[in-house]
Structure formats: C-alpha cells, structure tokens
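Asker: Okay, here's the structure, questions in a sec.
Each reported figure results from applying straightforward, stated rules to the coordinates on display, with no laboratory input. Predicted, not measured: the structure shown is a model, and the values here were computed from it. Ideal geometry is used to build each Cβ from the backbone, glycine not excepted, and the neighbour counts take in all protein chains shown.
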Amino acid sequence: MQTTNLPTALPTETTPKTYSANKLRTFILSTLATTLVVNGTITNTATVNANATTAQLSATVDTFVPSGTLLLFGTVPITTTADVTIGTSATAVSIQAAPVGGVASSTTATYSNLLEIPTPEEVSPTLTSDEETIKVHGRNTPIRSVNGTDLTANIRTLAAIDDPVVKRLITRGMSLSPNNRERILWLYDDGFALLATVNIGAPNRQAAPGGTQRCMFTANLSGGLHWANLNETTPTWKALS
C-alpha cells in the first residue's frame, strides 16, 4: 500500500502521563499561619548588638514566625524565642542572645513557613470514606449520623532529632492533645496538593540494619482537610464538603 494513502490527520494522543511515585514531598505548615510564605524576605531594620535578645524586623507581607525559627542574615544566624507575627513595619522580635559581632542594619533573611520533612522513607497519607448514613452501636445507644472522610498517615524519616524539623515533630508527638497539633502539606508530582490539620503521634524510634535509624510518626486528622489542583490557572484550597 502506498504511504500517500495514509490519512494525514493524526489522532490525538490520549495516553496519560506517568509520574514518579517517589516525588511526593511533605511539609509542615504552622497551624497559626494565615498566609503561605515561600521565599519571603525579612529585613533587620536596626543594628542588633552582640548578646542582644531583641531584634527589630520587618517582612514583605505580615508573616507568622514560630518560636525556634532560625533566620540567617547573610552569614549571621539568629533564632526566635517566641511566636510572633512580623509586620511590614518594624516589629520587636524576641531572639536568643545575638552572636559576637551582632547583626548589621538593613541585612535580610529569606524565610519560608513551609518546612520540608527531610529524607523521608514513607509519607503517603491514606483517605478513607465512610458513606453510611447511620450506625447503631448496641441496642441501648442512640443512632448517630456518619458520612465523612478520614485521613491517617505514617511519616518515617532517616533524619534524627538534631534536625530541626524532626525535633519539632518529636516535640509535638511527646505532647498531649491539642498541643500535638500540626498542619501537614502533601505535594504530589502531578500537581495534587493536600492540606490537613493533624495530631502527631508519639515517635517510634527504630534502629535498622547498617547502623541507620528511623524516626516514625503517625498523623491523624483532627481539623480541616483541604485539597488543591496546582495545574489550574489560579489554584485555590477547596475544603472537604
């Protein structure tokens, strides 16, 4: 058969794209944050002398910064010692004693309120649906409505307590509810994002062959659950409804 007889209009390719399952990334976002800050700029508006415990800082947008956050101004680190919302004008921020040499005025630090969980082995959340409208628990108990979605997740990382993110998870896991609450963001390679307020379970520490160790946590839904499609022109968080 002559190739000139072939139809010139080719069919549209409809084979789905293939994405790596290993690129699921997991972040911690403070439950008190009201705005997502990625690579924001924080400016030191006045000279901080050595051993000073207060700094005057400003941000490009109002930014909640939790206690224990390390801010690197050039090569000089300072660490906050209290939760604070840094405004667009100078805000007094409590810090650990400033290092020798202090911090020069007008120096800047890059800040993100997304903390990525390091070297994860397992982070996948599991969503379970319970679509029954009523359940009866024993003859003498009342009927209650059940129609919802639950979320549970295991978080297992090779990093240890000397990592600030793991230290934060361990601190939450060793606290009683509601002091063990965190907001977790799962970001999938195809653009699906899941944001959930969870209770962090007590850490399970394990030694493994080869001298490695693992820190393992559970995360169980305890508040809002939202999702977003990052492929949309203007992605928005959609509440579970």
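Asker: Around residue 31, what is the net charge, scoring Lys/Arg as +1 and Asp/Glu as -1 over all other residues with Cβ under 13 Å from its Cβ? The partial results should precede the final answer.
Answerer: On the way: positive: 168, 172, 181, 183; negative: 83, 182.
Here the charged neighbours net out to +2.
Asker: Using the crude model of +1 on Lys and Arg Cβ and -1 on Asp and Glu Cβ, and no other charge, please compute the dipole size for the chain relative to its Cα centre, in debye to 20.
Answerer: Working: 15 positive and 16 negative charges, 103 e Å.
So the dipole magnitude of the chain works out to roughly 500 debye.
Asker: Here is a further query. Taking the Cα atoms of the chain alone, what are Rg (to one decimal) and Dmax (as a whole number) in Å?
Answerer: Considering the chain through its Cα atoms, Rg and Dmax are 23.8, 87 Å.
Asker: Over the chain, with a Gaussian network built from C-alpha contacts below 10 Å, which listed residue (169, 36, 185) shows the highest mean-square fluctuation?
Answerer: Comparing 169, 36, 185 in the GNM, the peak value goes to 36.
Asker: Moving to a separate point now. Could you state the angle between the C-alpha long axis of helix 164-173 and the longest principal axis of the C-alpha atoms of the chain, as a value from 0 to 90 degrees rounded to the nearest 10?
Answerer: Between the helix axis and the principal axis of the chain, the angle is about 70 degrees.
Asker: Taking θ = phi - 60°, what integer Hz values does the Karplus form 6.51 cos²θ - 1.76 cosθ + 1.60 yield along the range 228-241, in sequence order, with x for Gly and Pro?
Answerer: Result, ordered by residue: 8, 9, 6, 7, 6, 4, 10, x, 9, 7, 10, 6, 4, 9 Hz.
Asker: Residue 31 to residue 2: extension gain in nm, 0.36 nm per residue of separation minus the Cα-Cα distance?
Answerer: On the way: separation 29, 0.36 × 29 = 10.44 nm, distance 6.72 nm.
Difference between extended and current length: 3.7 nm.
Asker: Which order do peptides 4-12, 186-194 fall in by mean Cβ count within 10 Å, highest first?
Answerer: Values: 4-12: 6.0, 186-194: 16.0.
Answer by packing, highest mean first, reads 186-194, 4-12.
Asker: Using a cut-off of 13 Å between alpha-carbon atoms, which aspartates and glutamates can reach residue 17, once sequence neighbours fewer than 8 places away in the same chain are excluded?
Answerer: 189, 190
Asker: Using the beta-carbon distance between residue 50 and residue 108 and R0 = 25 Å, what value does 1/(1 + (r/R0)^6) give for FRET efficiency, to the nearest 0.05?
Answerer: On the way: r = 20 Å, r/R0 = 0.80.
That gives a FRET efficiency of 0.80.
Asker: Please work out the Cα center distance from the range 157-205 to the range 45-104, rounded to the nearest Å.
Answerer: Centre-to-centre (Cα) distance: 25 Å.
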